[in-house]
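The values are calculated or read from the model by the stated rules, or taken from the named source; none is laboratory data. What you see is a predicted model, and the numbers here were worked out from it, not measured in a lab. Every residue, glycine as well, gets a Cβ built from its backbone with ideal geometry; the counts of neighbours run over all protein chains shown. Each accessible area value is taken on the protein alone, full model and side chains, heavy atoms only, with ligands, DNA and RNA left out. Shrake-Rupley method; radii C 1.70, N 1.55, O 1.52, S 1.80 Å.
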Amino acid sequence: MTSRSFLRLALAGAVATGGVLFTTLPADAGKAPKTVPVRLLALNDFHGNLEPPTGSSGRMVDENGNTVDAGGAAYVATHMKGMTDRNTIAVAQGDLIGATPLVSAAYHDEPSVEFMGKLGLKVAAVGNHEFDEGYTELRRIMNGGCHPVDGCSPAGKWKGATFDYVGANVLFKNPRERTDALAALGGSNSAKVKQALADWGVPALPPVSIKVMNGVPIGFIGLVTQTTPSIVTSEGIKDLKFVDEVKAANVASKLLKLVGVKAQVVLVHEGDQVTAGQSPDACSAVPGAGNRIATQVDPEVDLILSGHSHQAYLCKVKDPAGKDRLFSQGGSFGRVITQVDLRVNTKTRDVERASVVADNHVVTRTVPADPEISAFVQTWKDRVAPVANRPVGTISADITNTAAPSGESPLGNLIADGQLAATRTGGNAQIALMNPGGVRASLAYASSPVNEGDGVVTYGEAFTVQPFNNLMQVVTLTGAQLKTVLEQQFTGGPNNQAFTKILQPSANFTYTYSRSAAWGSKVSDMKIDGVPVTDTQTIRVAANNFLVGGGDAFLAFTEGTELWSGPLDIDAFVDQLGRDNPIAPPATNRITAVD
Ligand SMILES: [Zn+2]
């Protein structure tokens, strides 16, 4: 049973029932302008979930308030086919790849990109995770070729993505080439277009993609969160700058207008938060970075489809001209497809805003799995099975990445313990700190594909938790610098919004923080192995290369000296899982939080 309750978002004047749209006709219907229908089907934050995601990542609250199993490539395909009509353009809002399960990651996400092509995807905005392996690797994913280190996958030479990647706010720091942008605009020789580009900077990716549907051109503008440099490993994007999304969208919008494209859609990898448990068709998004973009980009842009925050919502916001504009997101991991139906006036070539109707459609698993995609996924599972199914340890109960009130999670603590163990000898590490956002999934006692319910953890499951292939590093910090790192848990980040990211500490490091104390003096009572830390002592601190590079705005890490690089984070984790079996969930008593 597909969830067809269609609690649709009907923008001014439109009433929708059962998939049919009735617009109120003007008194003189004979003079009504001719319009053509367009349907957009949108996905975001798929993160390579070819297999049905497990645990909370594989559940979704539907329009009736029921929590249902959702996601999985073969189910995405079945739903997509059912929703696709002859007016359909499939699009995406980034993070299709990166931070992916082993079945995709082991082959540099070629399987996931190929799957997206099979779905019929036409345009995708880049997300921050498309840069996880660096800009050069993203270009290979776009254009084809074998991996420079790992060679060709078992499927042979990579042919490249069959859809367009767009990113209007990704520019070269130092101009090198400007071919992409012009090519995306159909190789326009217009002096105005050239001047507009020259004034703007040199795009590192095509800023826009134009698709013609029913005789009218639709322009898609790609955007990625401008915070990308603080959440992606710096080395791979060192030649790039990520500029303000609104400014970039407005330049791209102007370019589209110059070439006669007035039906404009922003695909943006930035989004807002919602109330837990709400219907995927509700709004109530707390206005944040996504809302800023949705309300501020040029009124010529008709729709804002978003991503990044892994939330499902359908909002109606006002554009700067006061007109209603759709602002949506479709959850994550292939659990939701956003369907947007609209009509384009063939005379003005613009979207009739009143015709825009959207529905967030939950990708249930109660439909038949698509046989072609099932076989495709199985082929890759078979290829990766010898690696994925290798048992690496046992656990006595679920070990979750759910934060305790102090901000620690049992799994975060376990990972930190493994990181310290892996860096003590070569790097002389004394403590370890792990970024909470990098603990990508929980370990479930009962989920082992090898022997259900025996607590066995496989390499594939461990990889799902630690999928980034980050390097473990150790730097020397003074006690004062370490305190600054911990103070930076409470501030910094995107647009200087206050936010909290509690680093997961190894068991031998304890401290207290006060929620109410002023920023800069929240942290006290730091101890290593029970011994108080002084401001001037030096401490060897282990963390992954993302954090050591100042990731998540932990800039104090970059003041570290005597950098040592060690094993991969996944290897440190796998070694930890092999110790002291079965492993019980670590207590979350390393940090004391007081009000
Ligand atoms: Zn993202």
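Residues that are more than 16 Å from the ligand (Cβ to nearest atom) and not in a helix (DSSP H, G or I) were ranked within segment 110-129; the one that is nearest to T233 (Cα to Cα) is V123. Taking the numbered list (1) open to solvent by less than 10 Å² (accessible area, probe 1.4 Å); (2) part of a loop (DSSP other than H, G, I, E, B) in turn, G260 passes all entries but (1). Going by the conditions given, is Q311 in contact (Cβ under 8 Å) with a residue 24 or more places away in the chain and away from the ligand (no atom under 16 Å from the Cβ)? No, not satisfied. Do you know which of the residues in segment 375-401 that are more than 16 Å from E110 (Cβ to Cβ) and of a type in the set (D, E, K, R) is most open to solvent (accessible area, probe 1.4 Å)? Taking the candidates together, the pick is R390. When residues in segment 87-101 are screened for being surrounded by fewer than 24 Cβ atoms within 10 Å (Cβ to Cβ) and away from the ligand (no atom under 16 Å from the Cβ), 4 of them pass.
Within segment 201-242, the set of residues being assigned to a strand (DSSP E or B) and under 14 Å from T136 (Cα atoms) comprises just one member, L240.
For (1) more than 24 Å from Q311 (Cβ to Cβ); (2) assigned to a loop (DSSP other than H, G, I, E, B); (3) of a type in the set (A, V, I, L, M), each residue gets a yes or a no:
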residue: R86; (1), (2), (3): yes, yes, no
residue: V91; (1), (2), (3): no, no, yes
residue: G94; (1), (2), (3): no, yes, no
residue: H108; (1), (2), (3): yes, yes, no
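For segment 244-256, the count of residues that are more than 16 Å from the ligand (Cβ to nearest atom), under 25 Å from E130 (Cβ atoms) and part of a strand (DSSP E or B) is zero.
Summed over segment 250-263, residues that are under 19 Å from A321 (Cβ atoms) and out of contact with any helix residue (DSSP H, G or I) (no Cβ under 7 Å at 6 or more places or on another chain) total 8.
Residues that are part of a loop (DSSP other than H, G, I, E, B) and open to solvent by 50 Å² or more (accessible area, probe 1.4 Å) occur in segment 66-73; there is at least one.
Tell me, yes or no, whether segment 276-283 has at least one residue that is away from the ligand (no atom under 16 Å from the Cβ), touching a Pro at 6+ places or on another chain (Cβ under 6 Å) and either open to solvent by 20 Å² or more (accessible area, probe 1.4 Å) or assigned to a loop (DSSP other than H, G, I, E, B) (or both). No, that holds for no residue. Of all residues in segment 433-487 being out of contact with any helix residue (DSSP H, G or I) (no Cβ under 9 Å at 6 or more places or on another chain) and in a loop (DSSP other than H, G, I, E, B), which is most open to solvent (accessible area, probe 1.4 Å)? Among those that are out of contact with any helix residue (DSSP H, G or I) (no Cβ under 9 Å at 6 or more places or on another chain) and in a loop (DSSP other than H, G, I, E, B), it is E452. If you go through segment 270-329 and keep only what is in contact with a His (Cβ under 9 Å, 6 or more places away or on another chain) and among the aliphatic types (A, V, I, L, M), you end up with just A289. Suppose we filter A161, A181 for residues that are part of a helix (DSSP H, G or I) and either modelled with pLDDT of 95 or more or within 27 Å of V38 (Cα to Cα) (or both); which single one remains? Going through A161, A181 in turn, just one is part of a helix (DSSP H, G or I) and either modelled with pLDDT of 95 or more or within 27 Å of V38 (Cα to Cα) (or both): A181. Could you please find all residues in segment 74-85 being surrounded by 17 or more Cβ atoms within 10 Å (Cβ to Cβ) and acidic (D, E)? Correct list: empty. Candidates Q430, Q419, Q339: the one that is modelled with pLDDT of 95 or more and open to solvent by 40 Å² or more (accessible area, probe 1.4 Å) is Q430. Filtering F327, F333 for residues that are closer than 19 Å to A90 by Cα, touching a residue at least 24 places away in the same chain (Cβ under 8 Å) and open to solvent by 20 Å² or more (accessible area, probe 1.4 Å) leaves a single hit, F333.
Taking (1) crowded, with 23+ Cβ neighbours inside 10 Å; (2) outside any strand (DSSP E or B) in turn, A369 satisfies each apart from (1). Considering only residues that are farther than 24 Å from T379 by Cβ and over 17 Å from the mean Cα position of the chain (by Cα), look in segment 119-170 and name the one that is least open to solvent (accessible area, probe 1.4 Å). By that ranking, first place goes to A168. Please work out if V266 is over 20 Å from F546 (Cα atoms), touching a helix residue (DSSP H, G or I) at 6+ places or on another chain (Cβ under 6 Å) and either of a type in the set (S, T, N, Q) or open to solvent by less than 10 Å² (accessible area, probe 1.4 Å) (or both). Here the answer is yes, as V266 does meet what is asked. All of (1) more than 25 Å from N470 (Cβ to Cβ); (2) within 16 Å of the ligand (Cβ to nearest atom); (3) of a type outside the set (V, I, T) hold for E133 with one exception: (1).
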